[in-house]
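Read the structure below first, then the notes.
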Amino acid sequence: MCKNRSFVTKRGAILALVMAFTCSIVFGQNHFSGFAGIAGNMGADDDGKFQLTTDAFFAGQFDLLGVVLLRAEATVRTSNLVSNDVFDAVPASFTLDELSITARFPCCHATRYLSVFAGEYESIGSDLFLRRHFGILPIDSMITKTWAGRSDTSIYPFSTLGASYVLKLKTPQAFGFYFYTGKRNEQQRGNVDLRFAGIFPVVTVDFSVGVGFPITAGGSEGEKSLSLNRRTEFHTGLSSIIGNPHTASLFLQFGITKVILDPEENEKALRLSALYFLLEPRFKADFMNFHFTLFNMPHQLTEDLFFITNPLGCNLAIFAENIYASIFNLTFGAHLTISAQGATLENFNDISTQDLSFRLTPFAETPIGNGTLMTRFTMDFMKFTEIHKSMKFTLGYRARL
């Protein structure tokens, strides 16, 4: 998962489970929707030793009389099952990715949404906001999707504690205001963001802009006070798809994670490492699909992705959909990814052939029951002498609840 989603406590876990259980009893299945899944990951660690880990997730939404929405999303990741005794307690990490409550106020030709949240909430870079408010199909890039079927990247996250106000018009357009606070580089920061999203005949767009500022606590003689540091940072993000997704389209994302508005002496206001972009032309011909992606994203976003492992590179995805084999409806294909380990825009000229990575990642998915079974396998041909260290296999299943 994205490391920014680190609202992790035992009390939070218990609260989420108790809320889910209580609401399911009181309000019944007709007001609940969600997904759950589990996946196994096999591969080698840095020393070449075999390891087996598992991931599980739960995402649920309770619609209370069409007025209040309660959402909870959590993930669990185990450590290596091979090096631990599975009959004893296996170390695992629990992450409460989202816990939110939203009040809905329809009025005239618009609907207002007031939310408070913990964790990461509808961050720019994910299509979650568009899907929740406009009911569209997923538009995000395949290379940023996890085994759970959702995007796991954020240009910059709306986290860790905050509130939002969204005004959704009768036309497919929405305006949002967000205030959230959390730690960044061991410093407490507040953020204020404005958002606009809309669906138009040939363009779908999701745009946000905001500022962040340090919040410092201090005082004298034991008295506590709260002050806003003048060191303000600007950030912005854009996700958009242009064209017809059934023939040819262009998906693009662009973001600036930090621009220092009042830099100190000998300090750059904008660094190349603060730039985020993803440019992806998409073409569809009969059953075949072709996606070519040029990407640059922070390293912390690629750590837990399957199709890409380095922050800068290009990817070619070729896949077929709705291919029937006996009783199975298959989607299968492969990703070819060229990237460089540790490469960024700042050190691009220093990249050597030893840093290059050429990954082949075939994948397949098929619906079974109320869910989807998926499998993925990857290897790096540039590490031919130690190719076993680059191999990884994932088998997972996610189901609608």
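Size of the dipole of the chain about the Cα centre, Lys and Arg at +1 and Asp and Glu at -1 on the beta carbon, nothing else charged, in debye to 20?
In debye, rounded to 20, the chain gives about 1060.
Distance in nm between label sites at Leu345 and Asn244, each 7 Å beyond Cα in the beta-carbon direction?
3.4
Using helices alone, I'd like the mean residue ellipticity at 222 nm for the chain: each DSSP H run of four-plus residues gives -39500 (n - 2.57), total over residue count, nearest 500.
Theoretical 222 nm ellipticity from helices: -2000 deg cm²/dmol.
Taking a ≥ b ≥ c as the square roots of the eigenvalues of the Cα gyration tensor of the stretch 89-162, is the shape rounded (a/c under 1.5), prolate (a/b larger than b/c) or oblate?
Oblate shape, in that a/c is at least 1.5 and b/c is the bigger or equal ratio.
Would you mind putting 35-41, 326-332 in packing order, based on average other-beta-carbon counts within 10 Å, highest first?
Highest to lowest by the protection proxy: 35-41, 326-332.
In whole Å, what is the distance between the alpha-carbon centres of the stretch 261-275 and the stretch 122-186?
A separation of 26 Å, based on Cα centres.
If you count, for each residue, the other Cβ atoms within 10 Å and average over each peptide, how do 231-237, 201-207, 244-250 line up from highest to lowest?
Highest to lowest by the protection proxy: 231-237, 201-207, 244-250.
Quote the charge dipole size of the stretch 247-311 about the Cα centre in Debye, to the nearest 20; the model charges only the Cβ of Lys and Arg (+1) and of Asp and Glu (-1).
Around 300 debye, computed over the stretch 247-311.
Pick the calculated volume of the Cα convex hull per residue in Å³ for this structure from (i) 174; (ii) 197; (iii) 166?
Given (i) 174; (ii) 197; (iii) 166, the structure-derived one carries the label (ii).
With Cβ to Cβ distances under 9 Å as the rule, what net charge do the other residues near Thr111 carry (K, R +1; D, E -1)?
Net local charge, Thr111 excluded: +4.
Over 18 Å between Cα atoms: which of Lys183/Lys258; Lys49/Lys392; Lys284/Lys392 fall into that group?
With Cα atoms farther than 18 Å apart: Lys284/Lys392.
Quick note: the coordinates plus some simple rules give every number you see, no bench work behind them. Owing to the predicted nature of the structure, the values given are computational and were not obtained by experimental measurement. All Cβ positions, glycine included, derive from the backbone under ideal geometry; neighbour counts span all protein chains shown.
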